[in-house]
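**Q** Quick one: the structure is below, questions incoming.
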Amino acid sequence: MNQLAFELPSTLEAREPPEARGLARDEVRLLVADRATGRVSHCRFRDLVELLSPGDLLVVNVSATLPASIAAHRPDSEAVRVHFSTRVPDLDPSWRVIELRTADGSVPHRARLTEHLALAGGATLELVAPYAASARLLLARLRAAEPLEAYLFEHGEPIRYRYVTRRWPLTAYQNVYATVPGSAEMPSAGRPFTARLLASVRARGILIAPVTLHAGVSSPERDKPVFAEMFEVPESTARLVNAVRDRGGRVIAVGTTVVRALETVAASDGSVRAAEGFTSLVITPERAVRAVDGLITGWHEPAASHLHMLQALAGSELLVHSYAEALDHGYLWHEFGDSHLLL
């Protein structure tokens, strides 16, 4: 993806939800890239209902965002912040992948293994070991009076990076269809959907089906793949994906998390099966996309691993064209930013 190298101006970082800028969620901009024609067009997200056809299928990730950021103190009383990420295969839920950050959450912070951090409510967090090959993620164990997710809902707040300059409530980080708590960060491709837009989609005969994939913390480690994340593709969704494909309809993933979930259970002919567990699948141009015909996503930072997935879906030429257009037209990046539809 060297040809997609670019500088992201700070002016294109969305620092607040579109609602704070006087827009409804579904009024953010939507750049549409059509692989069949090689053309891009500029729309609003609410135009999606006209961009898709009756019989197409939108697959959404119903994972809800956890308030996964917790203030903590080291034994020497130094203030730090913990970002709780994904569960760990084969370990109970008190074990988590975490990232240690400075007290304001702005940058990663050096960890000292085996130390115990003091958290709110009398909880402690033991930093056990580095996680996989990461230079910044750790395996840690929480000891608290309640289960980890209940503890986070009582004491935590949404993960926030320094481009977001003020705190926003957890509701600002939830998709309208989210029902299953578990993501460290919002699967933000679905944020522009509103209840009214979903009703319009259904009224047009466009189908909607759920999967679950609990997203971990995003990685600033350039070109590093994502780690194992919990997912579920229900039987009803697998049947609907297969039926739509058999009828010649399009399967449109709402977010890279949905692509990972569906492609994890896809056969070589594009059919999918129901399954749940952990997936470490990384989509690259060398590993063709089998079950998905389109993708709704946000705008990814230079050298983000997800760009390889987008290249597999759109091809290099169209992807480079899309990003050049987005930069030229001032599209906004990150979870509160604008959207990208690849067909």
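**Q** Would you confirm whether or not the range 139-149 contains a residue that is surrounded by 21 or more Cβ atoms within 10 Å (Cβ to Cβ), more than 26 Å from A275 (Cβ to Cβ) and in the same structural domain as R87 (by TED's automatic domain parsing)?
**A** yes
**Q** Please pick out the residue among A215, A274, A253 that is more than 15 Å from the chain's Cα centre (by Cα) and either of a type in the set (A, V, I, L, M, F, W, C) or at pLDDT 95 or above (or both).
**A** Working: A215 fails: more than 15 Å from the chain's Cα centre (by Cα); A253 fails: more than 15 Å from the chain's Cα centre (by Cα).
So the residue among A215, A274, A253 that is more than 15 Å from the chain's Cα centre (by Cα) and either of a type in the set (A, V, I, L, M, F, W, C) or at pLDDT 95 or above (or both) is A274.
**Q** Now a separate question. If the requirement is being farther than 17 Å from V88 by Cβ, among the polar types (S, T, N, Q) and out of contact with any strand residue (DSSP E or B) (no Cβ under 6 Å at 6 or more places or on another chain), which of these qualifies: T194, T212, T124?
**A** Numbers: T212 fails: out of contact with any strand residue (DSSP E or B) (no Cβ under 6 Å at 6 or more places or on another chain); T124 fails: out of contact with any strand residue (DSSP E or B) (no Cβ under 6 Å at 6 or more places or on another chain).
T194 is the lone residue from the list that is farther than 17 Å from V88 by Cβ, among the polar types (S, T, N, Q) and out of contact with any strand residue (DSSP E or B) (no Cβ under 6 Å at 6 or more places or on another chain).
**Q** Right, something else. List, please: which pairs have Cβ atoms under 9 Å, are six or more places apart or on different chains, and start with a residue in the range 142-165 that is on the phi < 0 side of the Ramachandran plot and end with one that is of a type in the set (V, I, T) and modelled with pLDDT under 95?
**A** Sorted first by the residue in the range 142-165, then by its partner, the pairs are I159/V217; R162/V107.
**Q** Next question. Limited to the range 289-304, what total is found for residues that are under 19 Å from G337 (Cα atoms) and either part of a loop (DSSP other than H, G, I, E, B) or touching a Lys or Arg at 6+ places or on another chain (Cβ under 9 Å) (or both)?
**A** Residues flagged as under 19 Å from G337 (Cα atoms) and either part of a loop (DSSP other than H, G, I, E, B) or touching a Lys or Arg at 6+ places or on another chain (Cβ under 9 Å) (or both) within the range 289-304 amount to 7.
**Q** Conditions: (1) at positive phi; (2) without any contact (Cβ under 8 Å) to a residue 40 or more places away in the chain. L23 meets all but one. Number of the miss?
**A** Failed condition: (1).
**Q** Let me ask another. Please go through the range 225-243 and give me each residue that is of a type outside the set (A, V, I, L, M) and assigned to a helix (DSSP H, G or I), ordered by number.
**A** Here is the first cut: in the range 225-243, the ones of a type outside the set (A, V, I, L, M) are 225, 227, 229, 231-232, 234-237, 239, 242.
If the condition is that a residue be of a type outside the set (A, V, I, L, M) and assigned to a helix (DSSP H, G or I), then E235, S236, T237, R239, N242 are the ones that fit.
**Q** Do the conditions hold for P169, that is, is it in contact with a helix residue (DSSP H, G or I) (Cβ under 6 Å, 6 or more places away or on another chain) and closer than 29 Å to I70 by Cβ?
**A** Working: in contact with a helix residue (DSSP H, G or I) (Cβ under 6 Å, 6 or more places away or on another chain): no; closer than 29 Å to I70 by Cβ: yes.
Spelling it out, it is not the case that P169 is in contact with a helix residue (DSSP H, G or I) (Cβ under 6 Å, 6 or more places away or on another chain) and closer than 29 Å to I70 by Cβ.
**Q** Now for a different question. Of the residues that sit in the range 226-257 and are basic (K, R) and without any contact (Cβ under 8 Å) to a residue 60 or more places away in the chain, which one is surrounded by the most Cβ atoms within 10 Å (Cβ to Cβ)?
**A** R245
**Q** Given the options R112, R96, R101, name the one that is charged (D, E, K, R), assigned to a strand (DSSP E or B) and out of contact with any His (no Cβ under 8 Å at 6 or more places or on another chain). Before the answer, list the steps.
**A** Working: R112 fails: assigned to a strand (DSSP E or B); R101 fails: out of contact with any His (no Cβ under 8 Å at 6 or more places or on another chain).
Answer to the check: R96.
**Q** Here's a check for you: in the range 36-81, which residue that is in a loop (DSSP other than H, G, I, E, B) and among the small types (G, A, S) is nearest to A103 (Cα to Cα)?
**A** It comes out as S77.
**Q** Please name all residue pairs, on different chains or six or more residues apart, with Cβ atoms under 6 Å, provided the first residue is in the range 40-60 and is farther than 14 Å from I252 by Cβ and in contact (Cβ under 8 Å) with a residue 40 or more places away in the chain and the second residue is crowded, with 18+ Cβ neighbours inside 10 Å and of a type in the set (D, E, K, R).
**A** R46/D26
**Q** Something else about it: One residue is enough: does the range 130-147 have a residue meeting the conditions out of contact with any Pro (no Cβ under 8 Å at 6 or more places or on another chain) and part of a helix (DSSP H, G or I)? Don't jump to the end; show me each part of the working.
**A** Keep residues of the range 130-147 that are out of contact with any Pro (no Cβ under 8 Å at 6 or more places or on another chain), which gives 130-135, 140-146.
Restricting the remaining residues to those that are part of a helix (DSSP H, G or I) gives none.
No; the residues of the range 130-147 include none that is out of contact with any Pro (no Cβ under 8 Å at 6 or more places or on another chain) and part of a helix (DSSP H, G or I).
**Q** Scanning for something modelled with pLDDT of 95 or more, outside the structural domain of H334 (by TED's automatic domain parsing) and within 26 Å of the chain's Cα centre (by Cα), does the range 110-131 turn up at least one residue?
**A** Within the range 110-131 (the criterion being modelled with pLDDT of 95 or more, outside the structural domain of H334 (by TED's automatic domain parsing) and within 26 Å of the chain's Cα centre (by Cα)), the answer is yes, since at least one residue qualifies.
**Q** Kindly indicate whether any position in the range 230-239 is assigned by TED's automatic domain parsing to the domain that holds P302, modelled with pLDDT of 95 or more and closer than 27 Å to A135 by Cα.
**A** Narrowing the range 230-239 to residues assigned by TED's automatic domain parsing to the domain that holds P302: 230-239.
Within this subset, residues satisfying the condition of being modelled with pLDDT of 95 or more are 230-239.
Among the residues that remain, those that are also closer than 27 Å to A135 by Cα are: 230-231.
Scanning the range 230-239, I find at least one residue that is assigned by TED's automatic domain parsing to the domain that holds P302, modelled with pLDDT of 95 or more and closer than 27 Å to A135 by Cα, so the answer is yes.
**Q** Further question: Would you check if G270 is on the phi > 0 side of the Ramachandran plot and not in a helix (DSSP H, G or I)?
**A** yes
**Q** Kindly indicate which of A324, A288 is over 19 Å from the mean Cα position of the chain (by Cα), modelled with pLDDT of 95 or more and among the aliphatic types (A, V, I, L, M).
**A** Working: A288 fails: modelled with pLDDT of 95 or more.
The match here is A324.
**Q** Looking at P181 and the list (1) within 19 Å of the chain's Cα centre (by Cα); (2) not in a strand (DSSP E or B), which single condition is not satisfied?
**A** (2)
The values are calculated or read from the model by the stated rules, or taken from the named source; none is laboratory data. Being a predicted model, the structure only gives us computed values, none of them experimental. Please note: Cβ atoms are built from the backbone with ideal geometry, for glycine as well, and neighbour counts cover all protein chains shown.
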